[in-house]
Amino acid sequence: MKYCLYYRAKITKHLCWLVTSTLRYSEHVAFDRCYDKKESVFEFFVAPDLQDVFLSIMEKFEKHGISSDLVQLENRLIDPNETV
């Protein structure tokens, strides 16, 4: 089984809808979900073959001040001790 790439980024709270709707419009690129509601940190599970598309979208968001602190991490779902 091939796992998705895993990213986290801080999203401007009042523009979370824009990130979510853009990724849903860009079908099969990434699944997003709020990781930390208080800090407005989102996690993204990215299709490995579409990483370049995802990074291009996120680059535009960062340029316009919608997202910041994008970081690729080890996919937390691979860890059997991690709670979802």
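None of the figures in this text is laboratory data; all of them are computed from the coordinates on show. Computed from a predicted structure; not experimentally measured. Virtual Cβ from ideal backbone geometry, glycine too; neighbours counted across all protein chains shown.
Rounded to the nearest 500, what is the chain's calculated 222 nm mean residue ellipticity when only DSSP H runs of at least 4 contribute -39500 (n - 2.57) each, over all residues?
-8500 deg cm²/dmol
In the chain, how many lysine pairs have Cα atoms under 27 Å apart, counting only pairs 8 or more places apart or on different chains?
Lysine pairs satisfying the spacing and distance rule in the chain number 13.
Quick check on the exposure proxy: order 5, 15 from fewest to most C-beta atoms within 10 angstrom. Before the final figure, lay out the partial values.
Values: 5 19, 15 15.
Final ranking by Cβ density, sparse to dense: 15, 5.
When a footprinting reagent is the concern and you count Cβ atoms within 10 Å, what order do 43, 62 take, fewest first?
62, 43
At a threshold of 8 angstrom on Cα-Cα distance, excluding pairs fewer than six apart, so keeping six or more, what relative contact order does the chain reach in percent?
42
Going by how many other beta carbons lie within 10 Å of each one, how would you line up 66, 11, fewest first?
Working: 66 19, 11 23.
Arranged by neighbour count, lowest to highest, 66, 11 become 66, 11.
Against the longest alpha carbon principal axis of the chain, how many degrees, from 0 to 90 and to the nearest 10, is the axis of helix 16-25 turned?
The angle comes out at about 70 degrees.
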